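These notes are about the structure you will find just below.
The values are calculated or read from the model by the stated rules, or taken from the named source; none is laboratory data. Computed from a prediction, not measured in an experiment: that's the story for all the values here. In this analysis, Cβ positions are derived from the backbone assuming ideal geometry, glycine residues included, and neighbour counts consider all displayed protein chains.
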Amino acid sequence: MLKRSVMALCLGLAGMAQANEPVDLDMVNRIRQEAFHRSQVMATFGHLTEEIGPRLTNSPGMAQANAWSRGKFTEWGLSNVHDEAFDDFGRGWTYRSASVELLAPRVTSLRAVPKAWTPGTQGPVEGEAVVVTLKTKADLDKYKGKLKGKIVLLSEAREYKPGTEADSRRYDEAGLTELLSFSVPKDTNPAERGKRLAEYRQRQDLVQATNRFLTEEGALAALSISGWDNGIIRVGGGGSRRAGEPAGIPELAVAAEHYNPLLRAIERKQDVRLRINVDAQFTSETNDPGYNTIAEIPGSGKADEIVMIGAHMDSWHAGTGAADNAAGVAVMMEAMRILKAVGAKPRRTIRVALWSGEEQGLIGSAAYVAKHFADYPEATDPEQKKLPRYFQERTGPLQRKRDYDKFSAYFNLDNGSGKIRGIYAQENQAAMPIFEAWLKPFNDVGATIVTVRNTGSTDHVSFDRVGLPGFQFVQDGLDYFSNVHHSDLDTYDHASPEDLKQAAAILASFAYHAAMREQKLPRKPLLEN
């Protein structure tokens, strides 16, 4: 009985807090009408994916996407539309076509996509396939003088495992309820972190040594197995985007069901011969800056205070970067279009950012936050400077910039094209009743939960790590982690138009209410250590 009374009291207090948070239902109505009946989100999504295509950072596709989105923001009447550079990203790269043909012991075509930042073949090359097993740099010595004119197979075979669950999934009530529970974090183990750091350094050293070795030995090309089965090619980067580092030889990811037979044929002592043709190239030979695209709806009354929404526009190159993350970009662009279309006059400035370099470690958003809001002192140790910022040891207290105290909140979308089911509060208890009030007008379209949990791996982390309120939404997974994430199936046809319309309405409403409330969003305590 006591437990039931306590629960009732907690629900009552939450309801009171929710009731005290103003919600402009007239504006919500206007946003919903524009989002659901006059949507342009699929036109934006379609242009990004099927007119422009993949948008690897610093590629011609990314430059085209930056320019096109600037044009749309200007057309819609947004202000301060510009690209903002972040320094020293690396070389641009693009590819037009790739083919891998098995010539012996039989003739057939194999499905493959080149890894980003690896060179092309400069025309067709033919050679014998050989297996190369590299666990450490010492293993390279075993192959010295043996690889000239060869095509090397770098991956071990992987047993095919039939799927046991549906490819596309939505949250049921049990799944949403489970998200509401919070697991107390385990104690951080410095030794474990040191181990992971050492393993990362060893992998990076091995990659560079391997790139240099295969080039010097005269190997023609390298093949690796795709990370997923069922003919899906999942591929990211190889070689090196950094000028001055060895890019290696042409390297491709091959569909698992096409890669495994090559290894079995070699095990049977058969002569395996391949012809490979990759039309790929670096578009620069210097470490060039990358670019984020920025635009605003100026505020009035509290115009110097900032609400931000954003998504990363860069993608990998096997598909067209649809779910990851043209979906998020289209939603953010549509949210800004909606706010202009309904005549919103926010008190705070609403700023949208379309990030670059997310796939290489949140580089664009981290650089933006460091420039405008806050950052930790940059490492001076040369070994530390070689590491991504999230691996570097902090060398001093947080350095706050001029706009740190003027910042209210950042809202991100980057988990595919599934509808919004709620929001992660990122352990910000004070924000939870606010979000519950803002979500209530969208309960009828499936957005119902506010979970205290953290979520990571995307651009809101750049804000959260310096103590700024940064949030990512809970989304239906669809087939994001079964078929499309970083794969050649990440295309227009896997997106849900109704879900993107729903998400755009919610983003527009959240941005508007954050910009209109009397106080900035509350902040959780900053754990600087």
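The figures follow:
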read-out	value
Meets criteria (among the hydrophobic types (A, V, I, L, M, F, W, C), over 18 Å from the mean Cα position of the chain (by Cα) and farther than 21 Å from ASP172 by Cβ) for ALA495	no
GLY238 over 21 Å from ARG111 (Cα atoms) and surrounded by 20 or more Cβ atoms within 10 Å (Cβ to Cβ)	no
Candidate set from the range 379-396 (those that are assigned to a loop (DSSP other than H, G, I, E, B) and over 18 Å from VAL461 (Cα atoms)); member that is nearest to the chain's Cα centre (by Cα)	LYS386
Unmet criterion (only one of (1) assigned to a strand (DSSP E or B); (2) within 27 Å of LEU489 (Cα to Cα)) for SER155	(1)
Single condition VAL254 does not satisfy, out of (1) touching a residue at least 12 places away in the same chain (Cβ under 8 Å); (2) surrounded by fewer than 18 Cβ atoms within 10 Å (Cβ to Cβ)	(2)
Matching residues, the range 41-62, being closer than 29 Å to GLU285 by Cβ and surrounded by 18 or more Cβ atoms within 10 Å (Cβ to Cβ)	LEU48, ILE52, GLY53, PRO54, ARG55, LEU56, THR57, ASN58, SER59, GLY61, MET62
Hey, ASP444 closer than 21 Å to ASN325 by Cβ and modelled with pLDDT of 95 or more or not	no
Criterion: out of contact with any Leu (no Cβ under 7 Å at 6 or more places or on another chain) and at pLDDT below 95 - qualifying residue of SER457, SER487	SER457
Close pairs from the range 46-58: first on the phi > 0 side of the Ramachandran plot and aliphatic (A, V, I, L, M), partner buried (at least 24 other Cβ atoms within 10 Å of the Cβ) and part of a helix (DSSP H, G or I), Cβ under 8 Å, at least 6 apart	none
GLY422 being in the same structural domain as SER487 (by TED's automatic domain parsing), among the small types (Gly, Ala, Ser), more than 30 Å from ALA243 (Cα to Cα) and surrounded by fewer than 22 Cβ atoms within 10 Å (Cβ to Cβ)	no
Which listed residue, of ALA318, ALA335, ALA366, is farther than 18 Å from VAL461 by Cβ and outside any loop (DSSP other than H, G, I, E, B)	ALA335
Flag for LYS345 being closer than 30 Å to GLU128 by Cα and not in a strand (DSSP E or B)	no
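One line per residue, one yes/no per condition, for (1) crowded, with 23+ Cβ neighbours inside 10 Å; (2) free of Cβ contacts under 8 Å to residues at least 60 places away in the same chain; (3) outside the structural domain of GLY299 (by TED's automatic domain parsing); (4) within 24 Å of the chain's Cα centre (by Cα):
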| position | (1), (2), (3), (4) |
| --- | --- |
| ALA67 | no, yes, no, yes |
| LYS72 | no, no, no, yes |
| GLU75 | no, yes, no, no |
| SER79 | no, no, no, no |
| GLU84 | no, no, no, yes |
| LEU103 | no, no, yes, no |
| VAL107 | no, yes, yes, no |
| VAL113 | yes, no, yes, yes |
| THR118 | yes, no, yes, yes |
